[in-house]
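Report on the following structure.
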Amino acid sequence: MFLVLEGIDGSGKETQVKLLAERLVKAGQKVELLDFPDYNSEPGKKIGQYLNHEIKMTNEELATLYAEDRKLQQEKIRGWLDEGRIVVADRYAYSNLAYQLANRVDYHFLRNLDKALVFPEMVFFIDTSVDEVIKRMDSRKKDKYESNRVYLKLVSGIYKRLAEGDIEGFGKAKWIRIDGDKSIEEVHKEIWKYVEACLSG
């Protein structure tokens, strides 16, 4: 099983990925975690430099780097799934759609970048309000995207359209919207409800 958690920066994805992994292990499952982008990969290093205002590039070049970073993990993902492991990812190709469509990158260009990937069974969209994420991120250093409230609202709106099927994503993943403004425990409980049903089904 391949599960992806999506949402804008500060929505709580990282915390929920860890909680979900712990719960799956307690349930006797073998779990592998991924976090995109991998800032240690060659594409990831360039992405990090861009987000920290160290280098410049076009939005299309940036989108291509994100896609290249995901492609580097495909053999590993396929291997884990073939072994019956559960793969949980913090972000995936859907992030490229949400963030780069907000940057006015061509939709068909973005879809073409990621068309050959392994796609998940479920995508959990942690729908956290921009006001809430700004509050959560007040105490940390923000990158190029995290500091732009207007941009985050655009991205959030595109995520909602992906979740509702107004914008076609990738594969046949079931999108599940989770209210990210709720407590950490409530969000985890809601995610686990769907995962547990899938495991028992």
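Comparison of Leu3, Leu72, Leu81 shows that the only residue that is among the hydrophobic types (A, V, I, L, M, F, W, C), out of contact with any His (no Cβ under 9 Å at 6 or more places or on another chain), within 24 Å of Lys189 (Cα to Cα) and at pLDDT 95 or above is Leu3. With respect to the conditions (1) closer than 30 Å to Gly84 by Cβ; (2) among the acidic types (Asp, Glu); (3) at pLDDT 95 or above, Asp127 lacks only one, and its number is (1). Evaluated against (1) modelled with pLDDT under 95; (2) under 18 Å from the mean Cα position of the chain (by Cα), Asn52 falls short on exactly one condition, (2).
Looking only at the stretch 94-102, decide whether some residue is surrounded by fewer than 20 Cβ atoms within 10 Å (Cβ to Cβ), over 28 Å from Val25 (Cβ atoms), modelled with pLDDT of 95 or more and more than 15 Å from the chain's Cα centre (by Cα). There is no residue in the stretch 94-102 that is surrounded by fewer than 20 Cβ atoms within 10 Å (Cβ to Cβ), over 28 Å from Val25 (Cβ atoms), modelled with pLDDT of 95 or more and more than 15 Å from the chain's Cα centre (by Cα). Lys172 meets the conditions (1) touching a Leu at 6+ places or on another chain (Cβ under 9 Å); (2) over 28 Å from Asn52 (Cβ atoms); (3) free of Cβ contacts under 8 Å to residues at least 60 places away in the same chain in every case but one. The failed one is (1). In the stretch 143-153, is there at least one residue being buried (at least 20 other Cβ atoms within 10 Å of the Cβ), at pLDDT below 95, touching a helix residue (DSSP H, G or I) at 6+ places or on another chain (Cβ under 8 Å) and assigned to a loop (DSSP other than H, G, I, E, B)? Taking every residue of the stretch 143-153 in turn, none turns out to be buried (at least 20 other Cβ atoms within 10 Å of the Cβ), at pLDDT below 95, touching a helix residue (DSSP H, G or I) at 6+ places or on another chain (Cβ under 8 Å) and assigned to a loop (DSSP other than H, G, I, E, B). Of all residues in the stretch 22-37, those that are loosely packed, with under 13 Cβ neighbours inside 10 Å have Cβ atoms under 9 Å from Cβ atoms of residues that are among the β-branched types (Val, Ile, Thr) and not in a helix (DSSP H, G or I), 6 or more apart or on another chain, in Glu22/Val31; Val25/Val31; Lys30/Ile86.
The values are calculated or read from the model by the stated rules, or taken from the named source; none is laboratory data. Treat the numbers as computed from the prediction; the structure is a model and nothing was measured. Positions of Cβ are generated from backbone atoms using ideal geometry, with glycine treated the same way; all protein chains shown enter the neighbour counts.
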